[in-house]
1. Roughly speaking, what is the centre-to-centre gap between region A:307-368 and region A:581-620 when only Cα atoms are used, to the nearest Å?
2. Work out the FRET efficiency for B:N189 and B:V97 from their Cβ-Cβ distance, taking R0 = 41 Å, and round it to the nearest 0.05.
3. Based on the Cβ-Cβ distance of A:L19 and A:D610, what FRET efficiency does E = 1/(1 + (r/R0)^6) give at R0 = 35 Å, to the nearest 0.05?
4. Roughly how far apart, in whole Å, are the Cα centres of region B:199-235 and region A:448-467?
5. Subtracting the Cα-Cα distance from 0.36 nm times the residue separation, let me have the gained length for A:F333 to A:E597 in nm, one decimal.
6. Could you work out the percent of alpha carbon pairs in chain A separated by over 44 Å, rounded to a whole number?
7. Quick one, what does Rg over Rh come out to for region A:433-500 if you take C-alpha atoms and the Kirkwood Rh?
8. Once you place label points 7 Å from the Cα toward the Cβ at B:Y68 and B:A146, how far apart are they in nm?
Amino acid sequence: MSAVSLHSEDHGHEEHHELGFIRTYIFSEDHKMIAKQYLISGIVWAVIGGLMSLVFRLQLGFPDIDMSFLKPFLGQWIDAQGKLDPNFYLALVTMHGTIMVFFVLTAGLSGTFSNFLIPLQIGARDMASGFMNMLSYWFFFISSMIMFWSIFIETGPAGGSWVIYPPLSALPEANPGSGLGMTLWLVAMALFIVSSLLGGINYVTTVINLRTKGMTFDKLPLTIWAFTFTAILGILSFPVLLSAALLLIFDRSFGTSFYLSDIYINGHALPNQGGSPILFQHLFWFLGHPEVYIVILPALGISSEVIATNSRKPIFGYKAMIFSMAGIMFLAFIVWAHHMFMTGMNPFLGSVFMILTLIIAVPSAVKAFNYIATLWRGNIIFTPAMLFAIGLVSFFVSGGLTGIILGNAALDIQLHDTYFVVAHFHLVMGSAAIFGMVAGVYHWFPKMFGKMMNKSLGYVHFWMTFAGVYAVFFPMHYIGIAGFPRRYYSWSGFETFDIYADLNSFMTVAAILTFSAQLVFIFNFIYSIFWGKKATANPWSSNTLEWTTPINPGHGNWPGELPAVYRWPYDYSKPGAKEDFIPQNIPFSATPESNLEEENEMIEDEKIIDSIEFNKNIPD
Amino acid sequence: MIILVGFLALVFLALTVIVIGKTQVLLKGVKVKTEEPEDLHLDKANDWNAIGLFVFWIICIIGLAWSYMDAKKDFLPEASSLHGRITDYWFWVSMIVIMIAFFIVNSLLFYFPIKYRYKKGNKATFYPHNNNLEIIWTVIPALLMAGLVFTGLKVWNEVMDDAPEDAEVIEIMGRQFAWAVRYPGVDDNKLGGYDYRLIDDVTGNSFGMDFTDPNSFDDFTSSTEIHIPKGKPVLLKIRARDVLHSVFIPHMRVKMDAVPGMPTKFWFVTDKSTEDMRIELGNPDFNYEIACTEICGRGHFSMRLLLIVDELEDFEAWKKEQKSFLSMNPSFIDKVPDNLKARALKYTEPEIELTEVLDVTEGVTE
């Protein structure tokens, strides 16, 4: 299934036996099916993570509320007076973060779209290794099962916040959420990391090796560039999280002292000496920072595609977009300690990381400007995907700008670990990246399922969510400026924080409404898969290769030969052209009326491209 | 119960998968009605969405302005520390810079859709790149960033610099779930050594004070409040006993993590006493507070320490009034090595001290 060789002369699937239900839908090696598995898993996790946030937002927005109505779901975690258990509050916060960052925005976003789009957009039959791809999903699935199970155990799921800093996470006696729940979290994450690595290696290998005839790197759609850089980020940084987790497992279970020193707890002094909690923080954030770029880059890549297609214009600054993504990728590795300004590490490190962090703002800004320049003088169609892509740019700009404040170490003294940080990353990650994922679903749904999603429901979903997200997270900045600390069950113990009760209630109500809007999307998604209007092969009149496949691409994606590529994917509204788009597989010799001078000169190269022979010796 | 429900759910899930599988096989033969895909471009919804984006932005601007006016009265009052005023100043400068960028960028983002929305017969302008423009909008942000970096570094280095020699040293220790403070004592003005293996909550040595170090003899502690002087640098020596905590004094713009095994520090100067603030804010019940701001478990949200800023003379008087740990816990005299016992006894038998001490001290009782 994986190599290009055998299928270039195949017509139809006579050679392949009909795969049964299990091999088609469950243990599939087809990248499109695996993508859908990731997507559905991501959506399920998003609902779970979202519901968790509503519970703790209820606690924060309405501190005196009687939560007995939640007893059927949360059992012992609601006490006899209807109050939420403070330990479970921390567990909810922990699991919300873990689920959203890893299970939704890494697996659900990268896993879905890298899998679905890479072979289709580069002109390949499937990934370099369908088997590894399948393993990648099933490791993720097992990881999901373990993480899900940990929610229901008696001592509660992991409760040290999603960053699980030791010593809190290393000592079960410090926190019930550091007992079995933490062990399960660590095991689940180890498996998750394995899954990510299996996927990432596959993506990079496929992009390098399986591009079709004529698909040089400078003709790749920006989605592919984004997914490739994302995969590289993951391959290089996830292993460091694995090492952090392993050392933590050793400290928890095998008596080591990597992170522990000078601890007296529950009446006795622990023997551990010489370790440092700061070591964990360095190791964690070495992944943690690239992780946020792993989350946002695919969303940015998807936006490039959606905005260009729906503006009927080339993405502005194709090369600049690639360089800025490359710049972000390199810089992502050397800014991690801006999460650690107030840890007590040497202030000199603070200076170094502050400089590097403010540098990374520059390529991010360049990308935002390029999106807006793409809109300029376009002929814009507002499909739901386009609306979400525009929303992404707005969130990315708003959230990214507050990142500049936080990256300044002197300013971070007051803002670190306050709700200003929470507002920042929810805008730039929790909203921009989610909007990218949703835009991707709306845009590629016709190719994934052969049906169209309902437009009107899409508009409703967009408007409710867009307004709702700003309603929740914009006011959060004020609370952060006022100094409200993160991970607080309640602020009523402090006169300083005995304010903004109305604002907190407002944010909670807005959050509930925003969550409900997602139900519109889920309904639309499920309904359209079965009863949606049948799609055409290229409903958005887009240039990239995936739209040259049949309405429902089967195994091997193209029933005949793989298309050859002659031009970049952004020939929209080209002067002189017959239509306002020219797909990548249309040679320059077929469009003399719109060719630029240098493109006319490339007509001779077409014969060379056409005569490229695929390597028939690579076994399946 | 949960196991049973979970098991049943799994059974139903498996059954569902099998049924769907069988249905798929059956449906393979059934033809799906093909429909013409609807025309995506020419309906009114496109115009409404475009107009909506622009109107949304206008509403946002109004909402932003109104909400800021409404919210700012609850912001913290002017910083009570000297460095805090500087960081606050640069915070607001940076906020103005980013708000300008926020307005310009978002305005263009929400204006272009309405101006360039799809119109039949219209053609988009094929304009794939402009390298000069890229350079301009790379250099301008880079210069702005450079400005923020240099000013920020200056402030950061000043704040993180070593404390002045004459700073008032106070140790603050975080534990699950309270702060406790230890003062060096008026006689030697030095904090005694400590070791975590000496900590014993049963006997009361929660700090792990080492009584083989004579500097410990006059140290005094408190777990209810911390006093600091106005107008004199205060150096907080920060430690944690069990897990990570973090000292956060919102009014002073002070924050530093408390790390088990790695003492940290933060110094600052305040020029507003508690009384000054009560007058300034018109609130006779105002108090400075210290909060924990690194997740430390169940009681993370309730680690409050009362901070009282005294006029310098009142502070010195208050210090002299405090009873040393040793005098409150005379049993610890046993931990003192023999050659130092005589010095230590001065703290456990205050009556003797009154007649033998020559320097002028205010009444030590209470």
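1. Centre-to-centre distance over Cα atoms comes out at 35 Å.
2. Efficiency for this residue pair is about 0.35.
3. 0.60
4. Centre-to-centre distance over Cα atoms comes out at 62 Å.
5. My answer for the length gained is 90.9 nm.
6. Here the tail beyond 44 Å accounts for 20 percent of pairs.
7. Numbers: Rg = 18.9 Å, Rh = 15.2 Å.
Here the Rg-to-Rh quotient is 1.25.
8. Taking the simple label geometry, B:Y68 and B:A146 are separated by 2.8 nm.
Read the figures in this text as sums done on the coordinates, not as results from a lab. All values reported here derive from a predicted model rather than from experimental measurement. Note that each Cβ is placed from the backbone with ideal geometry, even for glycine, and that neighbours are counted across all protein chains shown.
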